[in-house]
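Report on the following structure.
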Amino acid sequence: MIDLRSDTVTRPTEGMRRAMLEAPVGDDVFGEDPTVNRLEEYVADLLGKEAALYAPSGTMTNQIGVHIGTNRAEEVLLHEGSHIFVYEAGAPAVLSGVQLRTLSGENGVLDPGTVRAAVRPEDVHFPRSRLLCLENTHNTAGGKVYPLEDFVAVATTAKDLGLRVHLDGARLFNAQAATGVPASEWCAHSDTVSVCSSKGLGAPVGSLLAGDEETIKEARRARKAFGGGMRQAGVIAAASLYAFENHVDRLAEDHERAHKLAAGLREAGYDAHEPETNLVLVDVDDPPAFLQALAREGVLATPGKPGFARLCTHLDVGDMEIEFAIRAAARITSSAIGR
Ligand code: TLP
């Protein structure tokens with residue numbers, strides 16, 4: 001089976017496993033795990049932030065960002081296709097008691113005017129608008145990069161309007177690889193940033209939330225409350241550290257393969273969107289039927305945004321797998337799949 005469901009499916013490499021085996025550890029809830037501490041310092045530095053906090057998942061680091069950026073009954077503004085809104089099981093309501101206000105914008109990009117119009121005036125009837133969440137790269141938009149200029153414009157508007165800004169950067173290093181713009185440039189305009197080592201970087205687990213010292217102190221308390229305080233976490237943090245040190249530059253290879261995949265699918269008659277990073281969206285009439293047919297041909301993929309299938313390139317997918325996937329898709333001839 002060629003697994004193109006997500007870049008989360010990768011297995012740790014040999015070097016990564018060795019790093020895990022050799023990691024010095026301690027009790028991280030006491031702040032005594034040297035490997036976790038090294039990872040947090042490394043990632044804070046990479047993102048140009050004062051501090052960072054290691055947590056089990058990107059969902060948790062996003063939710064900590066939401067939690068420490070809001071008070072109960074306040075409103076969070078975010079794109080209607082954002083991961084926090086679509087894929088986090090309603091966590092902002094459960095964990096933070098906040099209301100989400102979804103906004104539209106092409107390719108996951110929000111217009112400053114849209115944000116300005118959505119901010120509520122001070123009135124006893126209205127929830128208070130408090131936090132803007134942005135996503136880069138944007139998952140449901142097909143791994144689109146948030147252009148830095150647009151990002152700065154909307155984040156600056158949000159700050160002028162008194163909002164905080166959280167960046168869901170689960171695939172922020174894909175944006176860096178695709179554009180050459182350092183990840184820290186986007187981070188400079190966000191109060192909190194979540195990044196994942198368990199996506200394209202290939203670690204088995206682990207995400208980090210970065211921000212200033214005071215913010216991360218609060219985040220550490222929220223992580224404990226959410227059940228994310230881990231003990232000898234250096235065993236897994238070592239894999240994340242290895243991923244950040246060794247796998248950032250190779251993301252460009254995944255992008256290259258995504259281009260090849262999209263081109264091959266188009267040649268086979270599919271309406272595959274040209275990817276900017278490692279996610280390929282394919283417009284099909286009946287995504288479940290297509291995905292089933294594709295699985296029968298030996299290739300796994302997921303539904304993307306409604307009406308689309310999503311194929312994702314990653315560390316465990318080489319040129320041969322891409323060619324296999326193209327040939328598999330070309331064998332599917334049902335009219336149900338929109339060809
Ligand atoms: N995304 C997963 C699924 O949840 C959809 C995937 O396969 O793409 N932010 C973004 C933008 C993400 O894409 C994801 C994972 C997360 C946050 C959550 O990360 P985890 O899975 O570590 O909670």
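The values are calculated or read from the model by the stated rules, or taken from the named source; none is laboratory data. Note that the structure is a prediction, hence the values are computed from the model and not measured. Cβ placement follows ideal geometry from the backbone for every residue including glycine, while neighbour counts extend to all protein chains displayed. With ligands, DNA and RNA removed, areas are computed over all heavy atoms of the protein, side chains included. Shrake-Rupley method; radii C 1.70, N 1.55, O 1.52, S 1.80 Å.
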Mind checking which residues of segment 65-74 are touching a Ser or Thr at 6+ places or on another chain (Cβ under 8 Å) and either of a type outside the set (S, T, Y) or within 16 Å of the ligand (Cβ to nearest atom) (or both)?
G65, V66, H67, I68, G69, R72, E74
Single residue of T215, T179 found to be open to solvent by less than 50 Å² (accessible area, probe 1.4 Å) and within 21 Å of the chain's Cα centre (by Cα):
T215
Count - residues of segment 87-97 that are within 13 Å of the ligand (Cβ to nearest atom) and among the hydrophobic types (A, V, I, L, M, F, W, C)
2
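Per-residue answers, yes or no, for (1) more than 16 Å from the ligand (Cβ to nearest atom); (2) touching a helix residue (DSSP H, G or I) at 6+ places or on another chain (Cβ under 7 Å); (3) under 24 Å from A183 (Cα atoms):
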site	(1), (2), (3)
F85	no, no, yes
Q99	yes, no, no
L103	yes, yes, no
G108	no, no, yes
V115	yes, yes, yes
A118	yes, no, no
V124	yes, no, no
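Residue-by-condition table, conditions (1) of a type in the set (S, T, N, Q); (2) at pLDDT 95 or above; (3) within 20 Å of L281 (Cα to Cα); (4) open to solvent by less than 40 Å² (accessible area, probe 1.4 Å):
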site	(1), (2), (3), (4)
V115	no, yes, no, yes
E135	no, yes, yes, yes
H138	no, yes, yes, yes
V145	no, yes, yes, yes
L148	no, yes, no, no
K159	no, yes, no, no
H166	no, yes, no, yes
Selection from segment 135-160 of residues touching a Ser or Thr at 6+ places or on another chain (Cβ under 9 Å) and under 20 Å from G304 (Cβ atoms) yields E135, T137, H138, N139, T140, G142, G143, K144, V145, Y146
Among the helices (runs of 4 or more DSSP H) contained in segment 214-315, which hold 2 or more residues that are touching a Leu at 6+ places or on another chain (Cβ under 6 Å)?
234-246
Give me a count of the residues in segment 148-204 that are small (G, A, S) and either assigned to a helix (DSSP H, G or I) or within 15 Å of L131 (Cβ to Cβ) (or both).
11
Could you give every pair whose Cβ atoms fall below 7 Å, whose first residue belongs to segment 137-155 and is farther than 27 Å from P303 by Cβ, and whose second residue is in a helix (DSSP H, G or I) and within 15 Å of the ligand (Cβ to nearest atom), counting only separations of at least 6 or pairs across chains?
L148/W186; F151/W186
